[in-house]
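Peer 1: Input: one structure, supplied below.
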Amino acid sequence: MTANGGQKMVWIILIVILVILGIVYVAVYNGLQTAKVYTEESWSQIDVQLKRRNDLIPNLVETTKGYAAHEKETFAKVVELRNQMTQVPNDDHQQKMEVSNQLTGALKSIFALAESYPDLKANQEFTKLMEELTNTENKIAYSRQLFNSSAASFNQKLMTFPSNFIAKIHGMGKVNYLEVPTEEKEAPKVSF
């Protein structure tokens, strides 16, 4: 082999290595972007369910008001939290979930009213709204799980080589998980 032929071979090898590195870089970057999109999409699922719940609340409050007029404080709290939820910026996931958790607690108070008012419990409109809200709450819980799974997948990519290196280059940061409020982690007290 001549010196000229050896140099060609070195250049060909270098070009092949650079092409392979470029392909790996693009594949890893695209993987990071895909994980990021899944995380954003899973948050949008939460947002859709929160909006659905916010749309149902006025009907529930109006239906319930006639039966429990003296529960104005409970209704006012639900309406206040609903309005507060609409004011939270879309990108402030943690605050949105904090308000959502408070709203869930306030809605439980309205659900409890049905036990005190048999006529309300028998009202078909109220029963339908209760079912809709219960289904929506379940969808919110599922969407939170999906978000946390997507965030875990994305965060895992940020911690492993070579994607951690590429993520740093592009300024990608960790996504925080949605946490369960402390009071919901405690075991319920049951007494007989």
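The values are calculated or read from the model by the stated rules, or taken from the named source; none is laboratory data. It should be emphasised that the depicted structure is a prediction, and the values quoted were computed from it without experimental measurement. Here the Cβ positions follow ideal geometry from the backbone for every residue, glycine too, while neighbour counts run over all protein chains shown.
Peer 1: Q49 is checked against (1) at pLDDT 90 or above; (2) surrounded by fewer than 19 Cβ atoms within 10 Å (Cβ to Cβ); (3) under 30 Å from A114 (Cα atoms); (4) not acidic (D, E) and fails just one. What number does that condition carry?
Peer 2: Condition (2) is where Q49 drops out.
Peer 1: While we're on this one: Might you let me know whether region 131-141 holds any residue that is within 30 Å of V28 (Cα to Cα) and either touching a Ser or Thr at 6+ places or on another chain (Cβ under 9 Å) or not small (G, A, S) (or both)?
Peer 2: Scanning region 131-141 turns up no residue that is within 30 Å of V28 (Cα to Cα) and either touching a Ser or Thr at 6+ places or on another chain (Cβ under 9 Å) or not small (G, A, S) (or both).
Peer 1: Something else: Tell me, please, whether a residue that is at pLDDT below 90 and within 30 Å of I166 (Cα to Cα) can be found in region 27-45.
Peer 2: no
Peer 1: Which of the residues that make up region 114-143 are within 19 Å of D55 (Cβ to Cβ) and in contact (Cβ under 8 Å) with a residue 60 or more places away in the chain?
Peer 2: Matches in region 114-143: E125, F126, L129, M130, E132, L133, T136, E137, K139, I140, S143.
Peer 1: Of (1) more than 17 Å from the chain's Cα centre (by Cα); (2) aromatic (F, W, Y); (3) surrounded by 11 or more Cβ atoms within 10 Å (Cβ to Cβ), F161 satisfies all except one. Which?
Peer 2: Exception for F161: condition (3).
Peer 1: Inside region 165-182, can you point out the residues that are outside any loop (DSSP other than H, G, I, E, B), within 24 Å of the chain's Cα centre (by Cα) and under 23 Å from D91 (Cβ atoms)?
Peer 2: A167
Peer 1: I'd like the full set of residues that are within 21 Å of the chain's Cα centre (by Cα) and aromatic (F, W, Y), limited to region 1-46.
Peer 2: Y38, W43
Peer 1: Oh, and also: Hey, could you check region 116-142 for residues that are of a type in the set (S, T, N, Q) and at pLDDT 85 or above and say which is nearest to D47 (Cα to Cα)?
Peer 2: T136
Peer 1: Any idea which residue in region 63-82 is surrounded by the fewest Cβ atoms within 10 Å (Cβ to Cβ), counting only those that are free of Cβ contacts under 8 Å to residues at least 24 places away in the same chain and out of contact with any Phe, Trp or Tyr (no Cβ under 9 Å at 6 or more places or on another chain)?
Peer 2: H70
Peer 1: Collect the residues in region 31-57 that are of a type in the set (D, E) and free of Cβ contacts under 8 Å to residues at least 60 places away in the same chain, keeping them in residue-number order.
Peer 2: E40, D47, D55
Peer 1: Of all the helices (runs of 4 or more DSSP H) wholly in region 68-164, which have at least 2 residues that are within 30 Å of Y38 (Cα to Cα) and out of contact with any Leu (no Cβ under 9 Å at 6 or more places or on another chain)?
Peer 2: Once the helices (runs of 4 or more DSSP H) in region 68-164 are filtered for at least 2 residues that are within 30 Å of Y38 (Cα to Cα) and out of contact with any Leu (no Cβ under 9 Å at 6 or more places or on another chain), what remains is 72-87, 93-116, 124-159.
Peer 1: Look through L56, L60 and report the one residue that is under 17 Å from V99 (Cα atoms), in a helix (DSSP H, G or I), hydrophobic (A, V, I, L, M, F, W, C) and modelled with pLDDT of 80 or more.
Peer 2: Answer to the check: L56.
Peer 1: Between a first residue in region 83-101 that is touching a residue at least 60 places away in the same chain (Cβ under 8 Å) and a second residue that is surrounded by 15 or more Cβ atoms within 10 Å (Cβ to Cβ) and part of a loop (DSSP other than H, G, I, E, B), which pairs have beta carbons less than 8 Å apart while being 6 or more apart in sequence or on different chains?
Peer 2: These pairs meet every condition: H93/L178; Q94/L178; M97/L178.
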